[in-house]
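Structure first, then comments.
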């Protein structure tokens, strides 16, 4: 009896150890590629396209993952580079709000990136050559997270300011019937 | 031979300064050193007595057997054992109590300083550098610098601490004990330095990836030298006089530098990174990681992530001409 128990413990321990092998940390790129490799020149400068079949060039896709790390870095940079000065913490002010899902220039990561890099009429400055490209992607990831466009897993866990949705911890658990309470009921 | 030694001495890196609790340069450091030696000798005496006791017991023992432990069946033996254990516990408690009292007394001595006309310094911890502010009620009399704290000798210095991100700890072993810098919480402590010199400091609370490269130095100077330094630091940045340095300033103001750094007297006014108004007057850069030489500065500007991976500063691609111009400009920021 005792040897059976011991064998079971051993099997469980080996099983756990094997499971550990499956764990791998999210890869954080601390040393970004040298700026010479940047794709900055591929950013389209004008919306006008020559030729009869003018298909607009799609905005560049995000070279960096929209990971939790990128979002929290983006959140930090968003404050440091004074995006808050015009957009507040997503609610807008001088600039348009970023926490809703209305996008003047598109809500894809590449659109937001292009907006940051090229600037937009009526006030949005261009940050081209001011901030490295990877930081613009991180800010774009954060901006998209404010509008709730990123998967739940990568939203920064503790935003310090206004947010569109209540934090996961204050969201009521899903009931057996699949009906969830609305956030308003719980505030 | 002498020439070789001389050359070697010149080739040596900059003296990082005193960094040892047993070589104090301040009265508080001396108190801590005294406490260190008292506790050392108490522990040493306890150790010697223990070894002697074991040796004596071993010599007296008639058998090699360790178990079973002696059981005192007679009343007298039981009493003696109780006395022996009681005495040992009593001596241990008394010794620990003495050490506790000495620690409290030393802490009190180190904290209680005469504070007439102190110099007030604000130290704000950042990942991974130190912002140093000499506050003044007049904004134009306020000095902001980084990583190098100049203090006058024999003058009480009040340090107001804070942190911008995580918990750091201010520690200059040759001057005084550690003091944690807590984000969002101001605290104050004081010290006085008696001997002029450079004292190396280090962050003493693990604060992230580059914790080990978060050094600073306290430069204690005679009062006249300190005031001269203060006057120099109060000036706005020097204007470049030649075209090369003028181009360097343009490079600074049109690249990523101005997103984070301040150079007073120019358009660069961001407070995210160290104030560079008088960069050339500092001995070291990158929180005491590199000597402040043009070569080290160039390496740091181009690829700080190779030197301090994870640091806030991003890599910068500059053409060789722009880089040389920028270095020429930074050199004149005395």
So, in segment B:110-134, of the ones that are loosely packed, with under 15 Cβ neighbours inside 10 Å and closer than 18 Å to residue B:179 by Cβ, which residue ends up modelled with the highest pLDDT? B:111
Which numbered condition in (1) touching a helix residue (DSSP H, G or I) at 6+ places or on another chain (Cβ under 7 Å); (2) modelled with pLDDT under 90 is the only one that residue B:294 fails? (2)
For residue B:323, which of the numbered conditions (1) touching a helix residue (DSSP H, G or I) at 6+ places or on another chain (Cβ under 7 Å); (2) crowded, with 16+ Cβ neighbours inside 10 Å; (3) within 14 Å of chain A (Cβ to nearest Cβ); (4) not in a helix (DSSP H, G or I) fails to hold? (4)
Determine the pairs where a residue that is farther than 17 Å from residue B:198 by Cα, located within segment B:222-234, has a partner that is in a helix (DSSP H, G or I) and modelled with pLDDT under 95 with Cβ atoms under 7 Å apart, the partner being 6 or more residues away or on another chain. B:232/B:281; B:234/B:141
Looking at this structure, is residue B:107 at pLDDT 90 or above and not in a loop (DSSP other than H, G, I, E, B)? no
Could you grab me the full set of residues in segment B:254-270 that are part of a loop (DSSP other than H, G, I, E, B) and touching a residue at least 60 places away in the same chain (Cβ under 8 Å)? B:255, B:256, B:263
Condition (residue is outside any loop (DSSP other than H, G, I, E, B), within 14 Å of chain B (Cβ to nearest Cβ), at pLDDT below 80 and surrounded by 11 or more Cβ atoms within 10 Å (Cβ to Cβ)) applied to segment A:58-74: is it met by at least one residue? no
Given the conditions (1) more than 21 Å from residue B:129 (Cβ to Cβ); (2) out of contact with any strand residue (DSSP E or B) (no Cβ under 6 Å at 6 or more places or on another chain), and given that residue B:237 satisfies all but one, which numbered condition is not satisfied? (1)
Give the residues of segment B:271-307 that are at the interface with chain A (Cβ under 10 Å from one of its Cβ atoms), surrounded by fewer than 16 Cβ atoms within 10 Å (Cβ to Cβ) and part of a loop (DSSP other than H, G, I, E, B), sorted by residue number. B:271
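The values are calculated or read from the model by the stated rules, or taken from the named source; none is laboratory data. None of these values were measured; they are calculated from a predicted model. FYI the Cβ positions are ideal-geometry reconstructions off the backbone, even for glycines, and counts take in every protein chain you see.
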